[in-house]
Amino acid sequence: MRLMIAGGGGFRVPLIYRALSEGAFSGLVHQVVLYDIDAERAAAMETVLRDMPVTEGAQPPAVVVASTLAEALKGTDVVFAAVRPGGTAGRIFDERVALDLGLLGQETIGAGGISFALRSIPAMLDLARSMIEQCPNAWLINFTNPAGMVTEALVPVLGRKVVGICDSASGLVARAARTAGSPLAPGHLEGAGYYGLNHLGWLYRLAPHGTDLLPGLLADAELLHSIEEGRLFGQAQLERLKCLPNEYLFYYYQTDRATSAILSADQTRGESVHRQQAALYARLAAPGTAGADGDALRQWEAARRVREEGYLAESRNVGEQRREEELAGGGYERVAMAVMRAVTGDGDAELIVNTPNKLASPTPDGQEVAIPGLPADAVVEVPSRVGTDGAWPLPQERPAGPQLTLMRHVKDVERLTIKAVVDGDRNAALQAFAGHPLVGSEELARKLLDGYESAFPGLQELWAGGRD
């Protein structure tokens with residue numbers, strides 16, 4: 001199988017390659033093609049990949065760096081897409097334009113997420129249309145953020161051939177099951193109930209053997225404190241919710257705390273990542289790096305650890321550090337490999353992915369969508385059966401009123417953002433900013449869009465043309 005990685009110079013590419021080179025996924029892919037609009041970044045990642053040790057009996061795939069998109073796509077079976085138009089420097093603007101107005105600055109949540117989507121959706125639509133021309137039977141596994149919104153924009157082009165992934169939901173379920181004493185087997189969710197949108201979801205049931213273990217977990221302060229979500233939200237709030245929220249709900253439930261912590265920090269997360277990666281890529285490009293045995297890999301590993309240490313730093317108290325087991329990194333690659341193996345015919349899997357809400361067939365009681373209360377064509381993040389016919393969601397309970405209201409609210413914003421891109425409709429973008437629950441103001445929406453247009457002049461071209 002030939003795998004093409006769009007955004008092949010991305011920081012997490014070595015995690016994908018490592019997963020393909022050893023363990024359960026070894027031998028699944030014979031060739032990995034890296035393509036990136038920044039050729040120097042792709043070359044840097046190639047250096048790291050070639051530094052990776054080969055364990056006995058492993059079958060690491062060959063690595064090719066493509067110079068054009070057409071060359072990268074031709075003959076490809078599966079595309080992984082993790083692109084970042086504007087680079088990490090763009091992430092800084094996504095955060096700072098909002099923060100300068102006293103609003104939350106985060107790259108996938110609120111104003112920053114809308115700004116990022118206005119750049120990432122056009123790039124991903126171009127990629128999808130190129131796939132139709134060069135490799136019409138290929139699957140697209142989308143990592144590009146905001147993952148749910150981007151995936152929904154791609155469904156009209158690729159249909160069920162696109163699956164959106166994120167590791168935060170599956171990681172939450174795995175941690176909860178393990179902490180409750182009933183770890184899940186890979187590719188199985190065994191009675192887990194989860195509903196939401198990307199970075200906006202809740203684990204509401206954990207019944208691997210028929211008995212729901214979640215109430216007991218929520219009632220046990222010591223067990224809760226052993227997992228990141230338990231420390232993040234606290235037992236009192238979790239018992240009121242009667243569910244375990246995705247970690248990104250922190251930005252909705254504790255907005256003031258998050259915003260204040262980000263504003264008081266020496267640098268934003270985007271500024272930190274940008275500086276770390278700029279330094280890393282400069283070192284990897286330095287003469288002699290490729291010739292020093294293992295040096296490129298060691299430098300990447302050191303940078304990865306620093307990056308993991310800073311993840312969601314605004315949610316922790318001063319001096320509080322992430323625990324060692326939380327610094328392992330990875331997750332995206334395991335979900336992606338499991339999706340790839342399932343869609344290409346190596347058995348079905350149950351995974352939490354981003355896919356349209358419509359069920360493959362109605363349930364005996366007439367339920368036609370995975371999440372009652374959301375449109376059938378809305379992309380949601382839920383447990384799904386993944387196979388050669390794509391990802392089909394499994395039916396979930398109707399969310400409680402506050403959860404469903406928030407999901408509907410954010411889904412409306414996502415659809416306005418997609419409309420802004422596809423129709424070149426600046427007014428839809430304004431409505432998206434104004435309507436987001438973390439903005440909620442037409443005056444702020446105008447200031448936000450003006451600020452993002454100043455930071456990203458290409459948005460003016462978007463309003464002029466549309467993407468039809």
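Where a number appears in this text, it was derived from the coordinates with a stated rule and is not lab data. All values reported here derive from a predicted model rather than from experimental measurement. We place every Cβ from the backbone using ideal geometry, glycine too, and count neighbours over all the protein chains shown.
Of the residues M131, M407, M1, the one with the fewest other Cβ atoms within 10 Å heads the list, and the complete ranking is M1, M407, M131. Assuming R0 = 35 Å, what is the FRET efficiency of D212 and T388, from their Cβ-Cβ distance, to the nearest 0.05? Using R0 = 35 Å, I get an efficiency of 0.60. Modelled spin-label separation between S441 and R426, with each label point placed 7 Å from Cα along the Cα-to-Cβ direction: 2.2 nm. The value of relative contact order for the chain, using C-alpha pairs under 8 Å at least six residues apart, is 16 percent.
A helix-only calculation puts the chain at -14500 deg cm²/dmol for mean residue ellipticity at 222 nm, using -39500 (n - 2.57) for each DSSP H run of at least four residues, averaged over all residues.
Which whole-number percent gives the relative contact order of segment 112-160, counting Cα pairs below 8 Å spaced six or more residues apart? Please list the in-between numbers first.
Values: 25 pairs, mean separation 26.4, N = 49.
Here the relative contact order equals 54 percent.
Could you grab the relative contact order for segment 1-65? Cα pairs under 8 Å, six or more apart, rounded to a whole percent. Averaging sequence separation for qualifying contacts and normalising by length gives 44 percent for segment 1-65. Our estimate of slack between D38 and R298, defined as 0.36 nm per intervening residue step minus the Cα-Cα distance, is 91.4 nm.
Can you give the % of DSSP beta bridges in the chain that are antiparallel, to the nearest 5? Walk me through the intermediate numbers first.
Working: 22 of 42 bridges.
So the antiparallel bridges amount to about 50 percent of the total.
Remark: Y253, Y311 ranked as Y253, Y311, counting other beta-carbon atoms within 10 Å and listing the fewest first.
Go through 408-415, 9-16 and give me the packing order, highest mean Cβ count within 10 Å leading.
Numbers: 408-415: 19.9, 9-16: 22.8.
Put in order of decreasing packing, that is 9-16, 408-415.
Packing, as the average of other Cβ atoms within 10 Å across residues, places the peptides 24-30, 264-270, 430-436 in the order 430-436, 24-30, 264-270, highest first. Taking other C-beta atoms within 10 angstrom as a stand-in for reagent exposure, E56, E309 fall in the order E56, E309, fewest first. The stretch between A279 and D348 holds 20.7 nm of extra length on full extension. This uses 0.36 nm per residue minus the Cα-Cα distance. Using the Cα gyration tensor of segment 1-101, with a ≥ b ≥ c the square roots of its eigenvalues, what is the shape: rounded (a/c below 1.5), prolate (a/b larger than b/c) or oblate (neither)? Prolate, since a/c reaches 1.5 and a/b exceeds b/c. For the chain, a/c is less than 1.5, where a ≥ b ≥ c are the root eigenvalues of the C-alpha gyration tensor. That puts it in the rounded class. In summary, the aspartates and glutamates within cross-link reach of K161, defined as a Cα separation below 13 angstrom excluding same-chain residues under 8 places away, comprise D77, E152, D389. For K411, a cut-off of 18 angstrom between C-alpha atoms picks up these lysines, skipping any fewer than 8 places away in its own chain: K358, K419. If R0 equals 25 Å, the separation of the Cβ atoms of H188 and Q59 corresponds to a calculated FRET efficiency of about 0.50. A Förster radius of 30 Å, combined with the Cβ-Cβ distance separating V157 from E397, puts the computed FRET efficiency at roughly 0.40.
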